[in-house]
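Undergrad: Next up is a structure, given as structure tokens.
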Amino acid sequence: MLPSIKNGQRLYVEQFDAKTRRKLAREDILVFKYPKDPSKGYIKRLIGLPGDKVEIQAGEVWVNGSKVSEPYVDAKTNLSQMSQPTVVVPPRSYYVLGDNRDNSSDSRSWDSFQRSS
């Protein structure tokens, strides 16, 4: 999550479950278990909510046809300017990206992740 969260910084993390009534919002920072290896914790930024259409065009993120302003992404960590066709976020799932786009394992490579019940 560089440059937003630096190595050595402390984070306050709040756990949510199915009973929690707080709604997640785009740009929230999430801590969750990596879908392909639950022994690993990941920290990513929430980009797409269930039903959203997410597309990446030359490094720019678009959600539901609107370009997303991302002041937290440093141009120095988004040099690859990759593109990805439109993805529709499945129900009960989220599309997440790391702020360090050139060095992030996120929904671009392993799809959206499903929230736990």
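Undergrad: When you scan the range 67-93, how many residues do you find that are within 15 Å of the chain's Cα centre (by Cα) and on the phi > 0 side of the Ramachandran plot?
TA: So the answer is 1.
Undergrad: Do the conditions hold for Tyr94, that is, is it part of a strand (DSSP E or B), touching a residue at least 40 places away in the same chain (Cβ under 8 Å) and either open to solvent by 50 Å² or more (accessible area, probe 1.4 Å) or not hydrophobic (A, V, I, L, M, F, W, C) (or both)?
TA: yes
Undergrad: Does any residue in the range 66-85 that is within 15 Å of Ile5 (Cα to Cα) come within less than 6 Å, Cβ to Cβ, of a residue that is assigned to a loop (DSSP other than H, G, I, E, B) and not basic (Lys, Arg) six or more places away or on a different chain, and which pairs are these?
TA: If the second residue must be assigned to a loop (DSSP other than H, G, I, E, B) and not basic (Lys, Arg), the pairs left are Tyr72/Ser4; Tyr72/Asp99; Val73/Asp99; Asp74/Pro3; Thr77/Asn100.
Undergrad: Looking only at strands (runs of 3 or more DSSP E) that fall completely inside the range 1-88, which ones have 2 or more residues that are farther than 19 Å from Asp111 by Cα and modelled with pLDDT under 90?
TA: none
Undergrad: Can you name every residue in the range 80-90 that is touching a strand residue (DSSP E or B) at 6+ places or on another chain (Cβ under 9 Å) and not aliphatic (A, V, I, L, M)?
TA: Across the range 80-90, the qualifying residues are Gln81, Ser83, Gln84, Pro85, Thr86, Pro90.
Undergrad: Being open to solvent by less than 80 Å² (accessible area, probe 1.4 Å) and in contact with a helix residue (DSSP H, G or I) (Cβ under 8 Å, 6 or more places away or on another chain) is the requirement here; does Thr86 meet it?
TA: no
Undergrad: Any residue in the range 30-58 that is closer than 22 Å to Ile5 by Cα and of a type in the set (S, T, N, Q) sitting within a Cβ distance under 6 Å of a residue that is at pLDDT 90 or above and surrounded by 16 or more Cβ atoms within 10 Å (Cβ to Cβ)? List the pairs, counting only those 6 or more apart or interchain.
TA: Between residues of the range 30-58 that are closer than 22 Å to Ile5 by Cα and of a type in the set (S, T, N, Q) and residues that are at pLDDT 90 or above and surrounded by 16 or more Cβ atoms within 10 Å (Cβ to Cβ), there is no close pair.
The values are calculated or read from the model by the stated rules, or taken from the named source; none is laboratory data. All figures in this text were calculated on a predicted structure; none of them were measured in a lab. When we count neighbours, we look across all protein chains shown, and the Cβ atoms used for this are built from the backbone with ideal geometry, even at glycine. All accessible areas refer to the heavy atoms of the entire protein, side chains included, with ligands and DNA or RNA removed. Shrake-Rupley method; radii C 1.70, N 1.55, O 1.52, S 1.80 Å.
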